[in-house]
Amino acid sequence: MAAEIVNTIGDTDDNFIDPAFALHRGGKMEVSATVPVDNRDDLSLAYTPGVARVCTAIAEKPVLVNDYTWKSNVVAVVTDGTAVLGLGDIGPEASLPVMEGKAILFKQFGGVDAVPIALACTDADEIVETVVRMAPSFGGINLEDISAPRCFEIEAKLQERLDIPVFHDDQHGTAVVTLAALRNAAVLTGRTLGQLRAVISGAGAAGVAIAKILVEAGIGDVAVADRKGIVHGGRDDLTPVKRDLASFTNKAGLTGSLEKALDGADVLIGVSGGTIAEEAVATMAKDSFVFAMANPDPEVHPEVARKYAAVVATGRSDFPNQINNVLAFPGIFAGAFQVRASRITEGMKLAAAEALAAVVADELSADCVIPSPFDERVAPAVTAAVAAAARAEGVARL
C-alpha cells in the first residue's frame with residue numbers, strides 16, 4: 001500500500017494525483033517571525049545582548065513571560081496517536097497530519113497559535129509528566145485523539161498540576177457544539193431542554209462529556225449506552241468512569257438495549273460509530289432529533305433519520321447541521337487567553353454553547369440549528385462569552 005501511495009503522489013504525468021497528498025506535501029504549517037531581523041541593531045535586540053535584559057526581568061518576575069514571549073497565546077496540541085479520527089491507534093507519526101490540521105484551525109478560526117506535539121508514549125502517567133515538563137512553553141494544553149478511558153485520567157491529573165487551561169477537545173468541544181445545536185432544536189420545536197429525554201449511543205470520551213454538559217444545562221433525562229446496553233448502577237461490569245456516569249444519568253432507571261431506550265425518546269445522539277436500525281429510530285417521539293455524528297458513516301443515515309426526526313445533524317460537512325468542534329475550541333481558548341484564565345470551567349463551556357447557539361437564533365430552521373464553521377460571527381461570540389464567564393467564575397487573571 002505504501003509503495004502504491006509513493007508511486008501515485010510521485011507521478012508527474014497526466015494521471016490522477018490525490019489532492020490530499022499534494023496539499024500535505026512538506027506539511028501544512030511553518031514558524032514565522034513577528035519582528036524584523038534585517039540589520040545588526042535588529043539582531044542585537046531580538047537576540048543577544050538585548051534578549052538578556054528580557055530574560056533577567058522574567059527571572060525576577062516570572063509572570064512577565066506572558067507579556068514578553070508568545071506563551072500567552074500559544075497552545076500545545078498533544079496526542080499519543082491512539083484514537084485518531086476514525087482511524088484508531090495509528091501511532092504518533094501518523095497522527096501528525098491531523099495535529100497540524102488542528103493547529104492551523106486554531107489560527108484560522110481563533111487567532112491562536114498552536115504547536116502539534118505527538119508523543120511516543122501511551123502510559124497515562126508518562127504523558128502527564130511529559131506535558132507538565134514542557135508546560136512552561138505554552139499558555140494552554142489541548143489534548144487530542146487520546147483513547148478512553150486514559151484521556152479522562154490524563155486530563156484530570158493535568159488540571160490538578162497545571163495553572164493553565166487544559167482541554168480535551170474530543171470530549172468538551174464535541175459536547176459544547178452538541179449542546180448548542182440541541183438548544184436551538186428545542187427552541188425550533190417549542191420546547192425546553194428540561195422537556196427532553198435523550199439517549200446517547202457511545203460511552204467513550206465524547207459520550208461521557210455530552211452527558212455531563214446536558215445534565216449541567218438542565219436536560220430532562222439522558223441515558224448512555226455502550227456495547228453492552230444502557231449504563232446503569234445495577235451493572236457489575238462498569239469502569240470507574242462509567243460508574244460515575246451512572247450516578248448522574250438515567251433517572252428513569254432504564255436497562256437493556258439502546259433500541260429499547262429509544263422507544264419514546266426525544267433525542268438520539270450518536271458518537272459510537274455503530275449502526276442503529278431504522279426500526280428503532282421509528283419508535284422515537286414525535287418531533288424528535290437525531291444527531292448521528294460518526295464519521296464518515298453516521299449511525300443513522302440522514303435520509304433515513306429525516307423520515308422520523310424534526311431536526312437531523314451529523315458530523316459531516318456535506319449535510320446540514322454539521323456538529324464540528326472547530327465551532328468551539330478556537331473561541332474557547334481565545335477567550336481563556338484573553339483573560340489569562342487558569343483553567344476552563346464548566347461554566348465557561350456552558351457559556352460557549354449559549355453564545356454559539358445565539359449566533360443563529362434569528363435564523364433557525366430544520367437545516368440551521370448550528371452555524372457554519374465559516375460563519376465569521378462564531379469565534380468573536382464564543383471568545384467574548386468565555387472571557388466573561390472566566391471572570392464571573394474567578395479564574396481570570398486579567
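Considering segment 339-348 alone, what residues qualify as being open to solvent by less than 10 Å² (accessible area, probe 1.4 Å) and either assigned to a helix (DSSP H, G or I) or not β-branched (Val, Ile, Thr) (or both)?
Ala341, Met348
I'd like the full set of residues that are within 20 Å of Gly139 (Cα to Cα) and assigned to a loop (DSSP other than H, G, I, E, B), limited to segment 366-398.
From segment 366-398, those within 20 Å of Gly139 (Cα to Cα) are 379-380, 382-391, 393-398; that's our starting set.
Matches in segment 366-398: Glu393, Gly394, Val395, Ala396, Arg397, Leu398.
Within segment 364-385, can one find any residue that is at pLDDT below 95 and within 16 Å of the chain's Cα centre (by Cα)?
yes
Could you list all residues from segment 85-99 that are open to solvent by 40 Å² or more (accessible area, probe 1.4 Å), at pLDDT 95 or above and not β-branched (Val, Ile, Thr)? It would help to see each step written out before you state the result.
Step one: list which residues in segment 85-99 are open to solvent by 40 Å² or more (accessible area, probe 1.4 Å), which gives 85-87, 89-90, 93-94, 96-97.
From what is left, the residues that are at pLDDT 95 or above are 89-90, 93-94, 96-97.
If the condition is that a residue be open to solvent by 40 Å² or more (accessible area, probe 1.4 Å), at pLDDT 95 or above and not β-branched (Val, Ile, Thr), then Asp89, Glu93, Ala94, Leu96, Pro97 are the ones that fit.
In this structure, does Asp123 turn out to be open to solvent by 50 Å² or more (accessible area, probe 1.4 Å) and either without any contact (Cβ under 8 Å) to a residue 12 or more places away in the chain or on the phi > 0 side of the Ramachandran plot (or both)?
Numbers: open to solvent by 50 Å² or more (accessible area, probe 1.4 Å): yes; either without any contact (Cβ under 8 Å) to a residue 12 or more places away in the chain or on the phi > 0 side of the Ramachandran plot (or both): yes.
Taking the combined requirement at face value, the residue satisfies it.
Of everything in segment 35-52, what is assigned to a helix (DSSP H, G or I), surrounded by 10 or more Cβ atoms within 10 Å (Cβ to Cβ) and not acidic (Asp, Glu)? Give them in sequence order.
Answer for segment 35-52, where residues must be assigned to a helix (DSSP H, G or I), surrounded by 10 or more Cβ atoms within 10 Å (Cβ to Cβ) and not acidic (Asp, Glu): Leu43, Ser44, Leu45, Ala46, Gly50, Val51, Ala52.
Could we say that Val215 is closer than 20 Å to Ala186 by Cα, surrounded by fewer than 21 Cβ atoms within 10 Å (Cβ to Cβ) and of a type in the set (A, V, I, L, M) here?
Values: closer than 20 Å to Ala186 by Cα: yes; surrounded by fewer than 21 Cβ atoms within 10 Å (Cβ to Cβ): yes; of a type in the set (A, V, I, L, M): yes.
In short, yes.
If you scan segment 233-252, which residues turn out to be open to solvent by 50 Å² or more (accessible area, probe 1.4 Å) and outside any helix (DSSP H, G or I)?
Gly233, Gly234, Asp236, Asp237, Thr239, Lys251, Ala252
Closer than 18 Å to Asp169 by Cα, touching a helix residue (DSSP H, G or I) at 6+ places or on another chain (Cβ under 6 Å), of a type in the set (A, V, I, L, M, F, W, C) and modelled with pLDDT of 95 or more: which single residue out of Ala313, Ala353, Ala357 fits that description?
Details: Ala313 fails: closer than 18 Å to Asp169 by Cα; Ala357 fails: closer than 18 Å to Asp169 by Cα.
From the options Ala313, Ala353, Ala357, the qualifying one is Ala353.
Could you list all residues from segment 110-120 that are under 14 Å from Asn73 (Cα atoms) and open to solvent by 30 Å² or more (accessible area, probe 1.4 Å)?
Within segment 110-120, the subset under 14 Å from Asn73 (Cα atoms) is 110-115.
Those that are under 14 Å from Asn73 (Cα atoms) and open to solvent by 30 Å² or more (accessible area, probe 1.4 Å): Gly111, Asp113, Val115.
Those residues that are open to solvent by less than 20 Å² (accessible area, probe 1.4 Å) and closer than 14 Å to Asn184 by Cα, I need them from segment 360-398; list them, please.
Result: Val360, Val369, Ile370, Pro371.
Only one of these conditions is not met by Phe138: (1) open to solvent by 60 Å² or more (accessible area, probe 1.4 Å); (2) under 23 Å from Leu398 (Cβ atoms). Which number is it?
Against the list (1) open to solvent by 60 Å² or more (accessible area, probe 1.4 Å); (2) under 23 Å from Leu398 (Cβ atoms), Phe138 comes up short only on (1).
Any residue that is modelled with pLDDT under 95, in contact with a strand residue (DSSP E or B) (Cβ under 9 Å, 6 or more places away or on another chain) and either among the aromatic types (Phe, Trp, Tyr) or open to solvent by 10 Å² or more (accessible area, probe 1.4 Å) (or both) - is there at least one of those in segment 328-338? It would help to see each step written out before you state the result.
Just the residues of segment 328-338 that are modelled with pLDDT under 95, to begin with: none.
No, there is no match, as no residue in segment 328-338 is modelled with pLDDT under 95, in contact with a strand residue (DSSP E or B) (Cβ under 9 Å, 6 or more places away or on another chain) and either among the aromatic types (Phe, Trp, Tyr) or open to solvent by 10 Å² or more (accessible area, probe 1.4 Å) (or both).
Determine if segment 187-195 includes at least one residue that is under 20 Å from Ala328 (Cα atoms) and out of contact with any Gly (no Cβ under 9 Å at 6 or more places or on another chain).
No; the residues of segment 187-195 include none that is under 20 Å from Ala328 (Cα atoms) and out of contact with any Gly (no Cβ under 9 Å at 6 or more places or on another chain).
Within segment 144-166, does at least one residue satisfy the condition of being under 30 Å from Val51 (Cα atoms), of a type outside the set (Lys, Arg) and open to solvent by 50 Å² or more (accessible area, probe 1.4 Å)?
Yes, that holds for at least one residue.
Filter segment 281-313 for residues that are within 15 Å of Ala265 (Cα to Cα) and basic (Lys, Arg) and give the result. Break it down into steps so the answer makes sense when it comes.
Kept after step one, since they are within 15 Å of Ala265 (Cα to Cα), are these residues of segment 281-313: 281-292, 305, 308-312.
Lys286, the sole residue that qualifies.
Is there any pair linking a residue in segment 19-37 that is among the aromatic types (Phe, Trp, Tyr) to one that is not in a loop (DSSP other than H, G, I, E, B), with Cβ under 6 Å and at least six apart or on different chains, and which?
Once the first residue is among the aromatic types (Phe, Trp, Tyr) and sits in segment 19-37, its partners that are not in a loop (DSSP other than H, G, I, E, B) give Phe21/Ile9.
Within segment 149-179, restricting attention to residues that are out of contact with any Ser or Thr (no Cβ under 8 Å at 6 or more places or on another chain) and of a type in the set (Lys, Arg), which residue is farthest from Val222 (Cα to Cα)?
Of all residues in segment 149-179, those out of contact with any Ser or Thr (no Cβ under 8 Å at 6 or more places or on another chain) come to 151-162, 166-179.
Now drop any that are not of a type in the set (Lys, Arg), which leaves 157, 161.
On the way: Lys157: 27, Arg161: 32 Å.
Ranking the candidates gives Arg161 first.
Going by the conditions given, is Ser32 hydroxyl-bearing (Ser, Thr, Tyr) and open to solvent by less than 80 Å² (accessible area, probe 1.4 Å)? Please lay out each step first, then the result.
Details: hydroxyl-bearing (Ser, Thr, Tyr): yes; open to solvent by less than 80 Å² (accessible area, probe 1.4 Å): no.
Against the criterion (hydroxyl-bearing (Ser, Thr, Tyr) and open to solvent by less than 80 Å² (accessible area, probe 1.4 Å)), Ser32 does not qualify.
Return the residues of segment 53-77 that are open to solvent by 60 Å² or more (accessible area, probe 1.4 Å) and either in contact (Cβ under 8 Å) with a residue 40 or more places away in the chain or over 39 Å from the mean Cα position of the chain (by Cα) (or both); say none if nothing qualifies.
Of everything in segment 53-77, those that are open to solvent by 60 Å² or more (accessible area, probe 1.4 Å) and either in contact (Cβ under 8 Å) with a residue 40 or more places away in the chain or over 39 Å from the mean Cα position of the chain (by Cα) (or both) turn out to be Arg53, Trp70.
Tally up the residues in segment 218-232 that are touching a Gly at 6+ places or on another chain (Cβ under 9 Å), open to solvent by 10 Å² or more (accessible area, probe 1.4 Å) and either modelled with pLDDT under 95 or part of a strand (DSSP E or B) (or both), please.
Total satisfying the criteria: 2.
Testing Ala186 on (1) within 24 Å of Phe337 (Cα to Cα); (2) open to solvent by less than 10 Å² (accessible area, probe 1.4 Å); (3) hydrophobic (A, V, I, L, M, F, W, C), one condition comes back false. Which one is that?
The failed condition is (1).
The values are calculated or read from the model by the stated rules, or taken from the named source; none is laboratory data. Every value quoted in this text rests on a predicted model; they were computed, and no experiment measured them. Cβ sites come from the backbone with ideal geometry, for glycine too, and all protein chains shown count toward neighbours. With ligands, DNA and RNA removed, areas are computed over all heavy atoms of the protein, side chains included. Shrake-Rupley method; radii C 1.70, N 1.55, O 1.52, S 1.80 Å.
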